[in-house]
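The values are calculated or read from the model by the stated rules, or taken from the named source; none is laboratory data. Note that this is a predicted model, so its numbers are computed, not measured. Ideal geometry is used to build each Cβ from the backbone, glycine not excepted, and the neighbour counts take in all protein chains shown.
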Amino acid sequence: MPLSSRRRFLTSLVAAGVAGLGSVSYAVGIEPHWRLLVTRHNLRHPRWVADMPLRVAVVADLHACDPFMTLPRIERIVALTNSLGADLIALLGDYVGGPRHLASQLDPADWARTLAQLKAPLGVHAVLGNHDWWADVNVQLNRRGTPFARRALEKAGIPVYENEAIRIRHRGRAFWLAGLADQLAYLISRRRHLGVHDLGGTLAKVTDDAPIVLLAHEPDIFPTVPDRVQVTISGHTHGGQVRVLGYSPIVPSRYGNRYAYGHFVEDGRHLVVSGGLGCSIIPVRLGVPPEIVLVDIA
């Protein structure tokens, strides 16, 4: 998550622990690592097929690393996700990364094999996040290539969608699952990024009037998503990692708190933003515990 201002804010939060040792100890030592919620959103859309309810389990922003998001913890996340009775499981990116200088990265083959234990009748489907692109030095230097996170997922049998759409049969009906490539893929400078996303090209691959669910790591695409798409599901923000009374002081989005966390409806279009599971920059979560999101669409 790119904002340098966020890094300064979160770092100062820990440094200010003398003033609020109890809260900071909880934010660093308990909420990011021990709490794990299942957050449910029930969406009703007038253009969704009435007799085709769909349940999507969302796993976002793992940031696999030691000691903050270890393989045993990922295994627990997988087991809980499998128990939720979802029709489809969506992986929303940022499998790598984590607190800088405080953690060591896990072998991608290990976390990918663990995620491959996820099971759902309509399959497990993935997109990449910005950290999955940024972590691959060769891809960044060459401005081309396939990030190692994608290679690891596909080797483990998990399809990764970048500006792709697939038609899925469900309960005798059909819907489209579209996966958008990352909007911040290449680091140009600290504040400038080049995306590889193509929303128009992705939706052009939809060939009939069946409903569409769009997976997009960053929620910032949402204002440009047409109403042809019934539901957009995103991660990336971590809910700001610090959220007090429904407000996040720092959100890695040009829209600030507009799409920081939760369920949003604009002009009849639905957006769900997961708070994610891991930590970025430093291992702090306060007011936004790690969560698996369950989206019921009807």
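Observations on the structure shown:
- Residue satisfying all of: in the stretch 61-98; under 17 Å from Val295 (Cβ atoms) and of a type outside the set (A, V, I, L, M); surrounded by the most Cβ atoms within 10 Å (Cβ to Cβ) among these: Gly93
- Sole residue being over 18 Å from the mean Cα position of the chain (by Cα), of a type in the set (Val, Ile, Thr) and over 16 Å from Ala60 (Cα atoms), chosen from Val231, Val244, Val225, Val196: Val244
- Matching residues, the stretch 104-147, being surrounded by fewer than 19 Cβ atoms within 10 Å (Cβ to Cβ), of a type in the set (A, V, I, L, M, F, W, C) and in contact (Cβ under 8 Å) with a residue 12 or more places away in the chain: Ala109, Ala116, Leu122
- Restricting the search to helices (runs of 4 or more DSSP H) fully inside the stretch 1-96 and requiring at least 2 residues that are modelled with pLDDT under 55 and either among the polar types (S, T, N, Q) or within 30 Å of Arg171 (Cβ to Cβ) (or both) gives 21-29.
- Filtered by the rule that a residue be assigned to a strand (DSSP E or B), without any contact (Cβ under 8 Å) to a residue 40 or more places away in the chain and either aromatic (Phe, Trp, Tyr) or touching a helix residue (DSSP H, G or I) at 6+ places or on another chain (Cβ under 9 Å) (or both), the stretch 169-219 gives Trp176, Leu214.
- Number of the condition not met by Leu122 [criteria: (1) under 24 Å from Ala185 (Cβ atoms); (2) touching a strand residue (DSSP E or B) at 6+ places or on another chain (Cβ under 7 Å)]: (1)
- Scope the stretch 119-171; condition β-branched (Val, Ile, Thr) and farther than 20 Å from Val58 by Cβ; matching residues: Val137, Val139, Thr146
- Boolean, Thr81 is within 21 Å of Pro121 (Cα to Cα) and of a type in the set (S, T, N, Q): yes
- Just one of the listed residues (Arg228, Arg254, Arg258) is more than 27 Å from Leu122 (Cβ to Cβ), part of a loop (DSSP other than H, G, I, E, B) and modelled with pLDDT of 95 or more, and it is Arg254.
- Among the criteria (1) under 12 Å from Ala126 (Cα atoms); (2) exposed (fewer than 14 other Cβ atoms within 10 Å of the Cβ); (3) in contact with a Leu (Cβ under 6 Å, 6 or more places away or on another chain), the one Ile188 does not fulfil is (1).
- Number of positions in the stretch 110-128 that are under 24 Å from Val196 (Cβ atoms), in a helix (DSSP H, G or I) and not aromatic (Phe, Trp, Tyr): 2
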